[in-house]
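J.: Okay, handing you the structure first.
The values are calculated or read from the model by the stated rules, or taken from the named source; none is laboratory data. Since the structure is predicted, the reported quantities are computational estimates derived from the model, not experimental observations. Every residue, glycine among them, receives a Cβ derived from its backbone with ideal geometry; neighbour counts consider all protein chains shown.
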Amino acid sequence: MATKIVFLGTGGDSFVIGKQIRSSGGIILKTDDLQFHIDPGPGALVNATKNDINIRANTAVFVSSAHINHCNDVNAVVDTMTYGGLDKRGVLVSNQTVVNGTEKIKPYLTDFHRNCLERIIVLSPGQKLAIEDVEVDAIFTKNSFDKNAIGFKFYTPDIVLGYMSNTEYSKELIKEYQGCDILILNVLNPGEEKAEGSLNTYEAKKLIVKINPKLAILQHFGVRMIKADPLYEAREIQKLTGIQVLSAKDGMVVSPSSYSAKSTQKRLNLFKVKEEIVKDHINVIEKKEDNVEEDINKEETVTPDVEEPSNDVTREGIIEENHEHKEEQTRLDLNN
């Protein structure tokens, strides 16, 4: 199944969400047989139903921040996914604050719902995980509310999707989100109006032009952005950058192929793991660069070398294992 992105809600502050000027509830990412629920804020269940999304089909829930607009319904979503723990399944991927709390912030995940899940993975910036053939990087954010907040970069079979979550402008983001086909930015305020812990239109434009995605999507709007008109702000960025920019609406569905945002680059990391390491073939590894050099001739059969990680990320929620991947020889065509 081709990748699809569904915006359950696009509200971004207490005024907009409190009055439901825009809905909330997060983003659904569907790719092949996997369904990921990103940042299930208030109203996640009702807005999923409105948009014909079956929460039971969630493979994993990704929560970027302990802010209520991002994690309010995480327990409700886990409860629905698992029939209140009767069907223990699914994965929660989040940061330290949401799962374990800090000195000032209590954990959002309850003890009961912690036991409903098959696996809980706590990530910090620079770490990555894999769920079947989708890799996910945890990305740095400059977030004043939750110091452990992270963004996500999803490598699916047909696109690379970047989700910045709530962050202030930083040059580091430009490097981290390079190579994204689609980039989702939470833009709270219009123009150059400063927003603590969030982006405004001017800062979003600077990021978009330097990251250069095929498609950029603005969402998570505050009341000032609503008054200024998010569609106008998106069009202004598109005029100035020459890059396709959308202003997300509640219930909007994005198919990458419709916007010529489908990735043309084929990656060697989408191999099948034959040896089961953990249930659901989930493997968490430290972020590192694979330098794989290939000398390929049209009529020559080669076996790609995959460098094994020296060690896996250890948990609060994550095991440490070394393993070997068995790979079959593959004939590679240089022209593909």
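J.: Within the stretch 4-27, work out how many residues are under 15 Å from A76 (Cβ atoms) and either more than 15 Å from the chain's Cα centre (by Cα) or part of a strand (DSSP E or B) (or both). Step through it out loud before you land on a result.
T.: Quick first cut of the stretch 4-27, residues under 15 Å from A76 (Cβ atoms) only: 8-9, 24-26.
Narrowing further to those that are either more than 15 Å from the chain's Cα centre (by Cα) or part of a strand (DSSP E or B) (or both): 9, 24.
Summing the residues that are under 15 Å from A76 (Cβ atoms) and either more than 15 Å from the chain's Cα centre (by Cα) or part of a strand (DSSP E or B) (or both) in the stretch 4-27 gives 2.
J.: Could we say that E192 is closer than 17 Å to I237 by Cβ, out of contact with any Pro (no Cβ under 8 Å at 6 or more places or on another chain) and of a type in the set (D, E, K, R) here?
T.: On the way: closer than 17 Å to I237 by Cβ: yes; out of contact with any Pro (no Cβ under 8 Å at 6 or more places or on another chain): yes; of a type in the set (D, E, K, R): yes.
Spelling it out, E192 is indeed closer than 17 Å to I237 by Cβ, out of contact with any Pro (no Cβ under 8 Å at 6 or more places or on another chain) and of a type in the set (D, E, K, R).
J.: Being aliphatic (A, V, I, L, M) and surrounded by fewer than 22 Cβ atoms within 10 Å (Cβ to Cβ) is the filter here; which residues of the stretch 186-195 pass it?
T.: Within the stretch 186-195, A195 is the sole residue that qualifies.
J.: L34 is checked against (1) modelled with pLDDT of 95 or more; (2) more than 17 Å from V93 (Cα to Cα) and fails just one. What number does that condition carry?
T.: (2)
J.: Restricting the search to the stretch 143-157, which residues are among the small types (G, A, S) and surrounded by 20 or more Cβ atoms within 10 Å (Cβ to Cβ)?
T.: Let us first name the residues in the stretch 143-157 that are among the small types (G, A, S), namely 144, 149, 151.
Those that are among the small types (G, A, S) and surrounded by 20 or more Cβ atoms within 10 Å (Cβ to Cβ): A149, G151.
J.: May I pose another question? So how many residues does the stretch 71-97 have that are more than 21 Å from the chain's Cα centre (by Cα) and under 12 Å from A60 (Cα atoms)?
T.: Residues that pass the stated criteria total 1.
J.: Hey, among S255, S198, S247, which residue is surrounded by fewer than 23 Cβ atoms within 10 Å (Cβ to Cβ), touching a residue at least 40 places away in the same chain (Cβ under 8 Å), of a type in the set (S, T, N, Q) and touching a strand residue (DSSP E or B) at 6+ places or on another chain (Cβ under 8 Å)?
T.: On the way: S198 fails: surrounded by fewer than 23 Cβ atoms within 10 Å (Cβ to Cβ); S247 fails: touching a residue at least 40 places away in the same chain (Cβ under 8 Å).
Only one candidate qualifies: S255.
J.: Please find, within the stretch 39-63, the residue that is nearest to R22 (Cα to Cα) out of those that are of a type in the set (S, T, N, Q) and in contact (Cβ under 8 Å) with a residue 24 or more places away in the chain. Full working, then the answer.
T.: Initially, the stretch 39-63 is screened for residues of a type in the set (S, T, N, Q), giving 47, 49, 51, 54, 58-59.
If we keep only those that are in contact (Cβ under 8 Å) with a residue 24 or more places away in the chain as well, we get 47, 51, 58-59.
Details: N47: 11, N51: 15, N58: 24, T59: 26 Å.
Looking at residues that are of a type in the set (S, T, N, Q) and in contact (Cβ under 8 Å) with a residue 24 or more places away in the chain, I get N47.
J.: Next question, about the same structure. Does N47 qualify as being within 17 Å of the chain's Cα centre (by Cα), part of a helix (DSSP H, G or I) and buried (at least 20 other Cβ atoms within 10 Å of the Cβ)? Quick ask: steps written out before the conclusion?
T.: Values: within 17 Å of the chain's Cα centre (by Cα): no; part of a helix (DSSP H, G or I): yes; buried (at least 20 other Cβ atoms within 10 Å of the Cβ): yes.
So N47 does not fit the description; no.
J.: Kindly provide the set of residues from the stretch 129-142 that are surrounded by 21 or more Cβ atoms within 10 Å (Cβ to Cβ) and of a type outside the set (V, I, T), ordered by number.
T.: Those that are surrounded by 21 or more Cβ atoms within 10 Å (Cβ to Cβ) and of a type outside the set (V, I, T): L129, D137, A138.
J.: Checking the condition closer than 17 Å to H67 by Cβ, surrounded by fewer than 23 Cβ atoms within 10 Å (Cβ to Cβ), of a type in the set (G, A, S) and modelled with pLDDT of 95 or more, which residue from G101, G126 passes?
T.: Values: G126 fails: closer than 17 Å to H67 by Cβ.
Answer to the selection: G101.
Yes/no per residue for (1) under 20 Å from K153 (Cβ atoms); (2) assigned to a loop (DSSP other than H, G, I, E, B):
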position: A2; (1), (2): yes, yes
position: G41; (1), (2): no, yes
position: H70; (1), (2): yes, no
position: L86; (1), (2): no, yes
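J.: Does L109 satisfy the condition of being out of contact with any strand residue (DSSP E or B) (no Cβ under 6 Å at 6 or more places or on another chain), modelled with pLDDT of 95 or more and within 22 Å of N75 (Cα to Cα)?
T.: Values: out of contact with any strand residue (DSSP E or B) (no Cβ under 6 Å at 6 or more places or on another chain): yes; modelled with pLDDT of 95 or more: yes; within 22 Å of N75 (Cα to Cα): yes.
In short, yes.
J.: Okay, next question. So, restricting to strands (runs of 3 or more DSSP E) that lie completely within the stretch 100-191, which ones have at least 1 residues that are among the basic types (K, R) and over 12 Å from the mean Cα position of the chain (by Cα)? Step through it out loud before you land on a result.
T.: On the way: elements: 119-122, 127-131, 134-140, 150-155, 160-163, 182-189.
Here the list reads 119-122.
J.: Quick one: how many residues across the stretch 64-80 are surrounded by 24 or more Cβ atoms within 10 Å (Cβ to Cβ) and without any contact (Cβ under 8 Å) to a residue 40 or more places away in the chain? Give the steps one after another, and end with the answer.
T.: Kept after step one, since they are surrounded by 24 or more Cβ atoms within 10 Å (Cβ to Cβ), are these residues of the stretch 64-80: 64-66, 70-71, 73-74, 77-78.
Within this subset, residues satisfying the condition of being without any contact (Cβ under 8 Å) to a residue 40 or more places away in the chain are 71, 74, 78.
The total comes to 3.
J.: Looking at the stretch 194-289, what helices (runs of 4 or more DSSP H) fall wholly within it and have at least 2 residues that are farther than 23 Å from G18 by Cβ and at pLDDT 95 or above?
T.: Details: elements: 201-211, 223-228, 230-241.
Once the helices (runs of 4 or more DSSP H) in the stretch 194-289 are filtered for at least 2 residues that are farther than 23 Å from G18 by Cβ and at pLDDT 95 or above, what remains is 201-211, 230-241.
J.: Residues to consider are L86, L123, L129; find the one that is over 18 Å from I28 (Cβ atoms), among the aliphatic types (A, V, I, L, M) and without any contact (Cβ under 8 Å) to a residue 24 or more places away in the chain. Give the steps one after another, and end with the answer.
T.: Numbers: L123 fails: without any contact (Cβ under 8 Å) to a residue 24 or more places away in the chain; L129 fails: without any contact (Cβ under 8 Å) to a residue 24 or more places away in the chain.
On inspection, the qualifying residue turns out to be L86.
J.: Another question, if that's okay. If I ask for residues that are among the aliphatic types (A, V, I, L, M) and within 10 Å of K205 (Cβ to Cβ), which ones from the stretch 235-252 would you list? Working first, answer last.
T.: Filtering the stretch 235-252 for residues among the aliphatic types (A, V, I, L, M) gives 237, 240, 243, 245-246, 248, 252.
Passing the criteria: I237, L240, I243, V245.
J.: A further question follows. I need the full set of residues from the stretch 50-63 which are buried (at least 18 other Cβ atoms within 10 Å of the Cβ) and part of a helix (DSSP H, G or I), in order please.
T.: I55
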